[in-house]
Amino acid sequence: MNQTLYQKLCVTNIMNGVIEGLCKFSHPSRVALMFAAGPDDPVLVLDSQDLLQGHEVKIRQMFFSENGHWRSRVDKKIKCQPTGYLIPENDLALSGLISYGGICSDFFYQVWFTEHHPDLCSIHPTERWLEQAATLLVHDYNSRRAAINSSEYVLKNYALQAIADHIVDERDKNFGYDSKIRVTSILNNILDISKTKEEGSWPQGILFFCDPRQIAKTEFITRIQEHERPRVSNIKHIRKLLLAVEESDRKLVSDGKTIIGITGGPVPDYAISAHFKGDYGFLGLNDTRIASFFDGSFHSTTREAKLVELEELLLDTDMDTATSTILFQVVSHLVHSAGRARHGCTLVIDLNDPPVRLSGHILDPPLSLVEPQNIDLTCSLLKIDGAVHLTADSCIHGFACLLDGRTISWENMARGARYNSALRFSADNAKIIVVVVSADRPVSIIFNGIEISAFSNWRPVGQHTPKPITLEKYLNGVQL
């Protein structure tokens, strides 16, 4: 295989591995790459999914307004650096994107980009993912003997290691390089525990892992005798011990190898915590969520709908900002309540004056959802079959409402009656936004008979990724 073809395959395979891996870890994710392999090579762009569209002005300013000075800056940084040593490069700080750039003596410049989804627990595992892609590209691009598909496979399945890399980096900054906790093993144990039922019930409660030097600072309710402490790898035993801390402020304490005891105090700084919440849970470090876990894998999502499309729709209406903000907060509270309770519901947001009349239980008078007791009542009414009718002044006008409408050609029979009724009703009624929450958590925002939340710029990458083009051509509108 000639060197040019081999190098093209390196870039293509690594790009495909990042895209497929991030699509499983987060939502469908677009990925782009800009690189110059040598100091005199032109900057090439690989952006088959149009991720960088809208950022042309800032990119042009970065690479062309300095009259090539960025190359001399990179040259100074990599001078005398060992072969294969990747130095992090300045973030281009493009709005709505996560990026990682690197420079190296044998691969002059590269920067990877992907989408910053609104419901990420943390951007740091994704950054570590892009860093790994950059490291593998340096290695593979300059080698004729590397297994051409191995890097793609690594990046497709990098979620657990990306999280581990971030945790290790953060703990090393605080504790130095002598930490005795084996992070990867702990993460695997957490996933195994999350999949283990006890008498038919999923695990609940908090288990945290702290450095042995922090054990002495922890205030225990009780400790287990040292010779009887169960090993964390004994998954069934640990699952049983979680019964002692579920639905309480108590927590199981581990040094990474065994369970030490039970505490009622806070989680120590930089301890790895797993909060089991039934069939899902959250992984944390230093009181910050890093990822969620469910279905036997780690994921980036907070498991709460961000409702970005709804916020944008409300801002585009004639309502003043204060009114639309209160309405958005009320709807968000109701949606999150339904999501946590794991039941479906439909919210009809009626912006008409006077509001449309729905068939259902009409309230007399309507209740203001600014009052805490009223919004708590509405959270309970969401459990009753039928839609809840809300108006622009954040009042509930009715519940158990039936939505009807004429058949439309773009219905989706795979989505069920609640979803398709919302499509029909919103298609027949102006100034109506319908929010449909499914029992398995997906949220659909429907307006004028169209699911707004279904639109995405992501599209699958074909078997053959387009050839990179020069940055100058890309900025001048040449299509890949």
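Within the range 421-439, being within 28 Å of the chain's Cα centre (by Cα) and either under 22 Å from residue 327 (Cα atoms) or assigned to a helix (DSSP H, G or I) (or both) holds for 422, 423, 433, 434, 435, 436, 437, 438. Look at the range 325-340: where a residue is of a type in the set (Phe, Trp, Tyr) and a partner is in a helix (DSSP H, G or I), sitting 6+ places away or on another chain with Cβ atoms under 6 Å, you get 328/311; 328/314.
Comparison of 151, 122, 143, 95 shows that the only residue that is assigned by TED's automatic domain parsing to the domain that holds residue 9, closer than 22 Å to residue 297 by Cα and assigned to a loop (DSSP other than H, G, I, E, B) is 122. Out of 321, 391, 378, 407, one residue alone is out of contact with any Asp or Glu (no Cβ under 9 Å at 6 or more places or on another chain) and in contact (Cβ under 8 Å) with a residue 24 or more places away in the chain. It is 378. Just to be sure before I move on: is residue 208 at pLDDT 95 or above and of a type in the set (Phe, Trp, Tyr) in the structure I sent? So residue 208 fits the description; yes.
Criterion first (within 20 Å of residue 279 (Cβ to Cβ), in a strand (DSSP E or B) and not basic (Lys, Arg)) does residue 207 satisfy it?
Spelling it out, residue 207 is indeed within 20 Å of residue 279 (Cβ to Cβ), in a strand (DSSP E or B) and not basic (Lys, Arg).
Across the range 296-315, a minimum of one residue is classified as in contact (Cβ under 8 Å) with a residue 24 or more places away in the chain, at negative phi and among the aromatic types (Phe, Trp, Tyr).
The rows are residues; the columns are (1) surrounded by 14 or more Cβ atoms within 10 Å (Cβ to Cβ); (2) out of contact with any helix residue (DSSP H, G or I) (no Cβ under 6 Å at 6 or more places or on another chain); (3) among the polar types (S, T, N, Q); (4) under 27 Å from residue 476 (Cβ atoms).
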{"position": "12", "(1), (2), (3), (4)": "yes, yes, yes, yes"}
{"position": "18", "(1), (2), (3), (4)": "yes, no, no, yes"}
{"position": "41", "(1), (2), (3), (4)": "no, yes, no, yes"}
{"position": "57", "(1), (2), (3), (4)": "no, yes, no, yes"}
{"position": "70", "(1), (2), (3), (4)": "yes, yes, no, yes"}
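Take the residues in the range 109-142 that are of a type in the set (D, E, K, R) and modelled with pLDDT under 95; name whichever of them is nearest to residue 11 (Cα to Cα). Within the range 109-142, the match that is nearest to residue 11 (Cα to Cα) is 140. Taking the condition at pLDDT 90 or above and buried (at least 22 other Cβ atoms within 10 Å of the Cβ), does residue 244 pass? No, not satisfied.
Screening the range 289-399 for strands (runs of 3 or more DSSP E) wholly inside it with 3 or more residues that are of a type in the set (Gly, Ala, Ser) returns the ranges 359-368. Contact annotation: residue pairs with Cβ atoms under 6 Å, 6 or more positions apart or on different chains, pairing a residue in the range 345-364 that is under 23 Å from residue 332 (Cα atoms) and assigned by TED's automatic domain parsing to the domain that holds residue 386 with a partner that is assigned to a loop (DSSP other than H, G, I, E, B) and of a type in the set (D, E, K, R), are 351/431; 352/431. On the stretch given as the range 214-234, residues that are farther than 13 Å from residue 254 by Cβ, in contact (Cβ under 8 Å) with a residue 24 or more places away in the chain and either among the hydrophobic types (A, V, I, L, M, F, W, C) or assigned to a helix (DSSP H, G or I) (or both) total 1.
The values are calculated or read from the model by the stated rules, or taken from the named source; none is laboratory data. Owing to the predicted nature of the structure, the values given are computational and were not obtained by experimental measurement. Cβ: placed from backbone, ideal geometry, glycine included. Neighbour counts: every protein chain shown.
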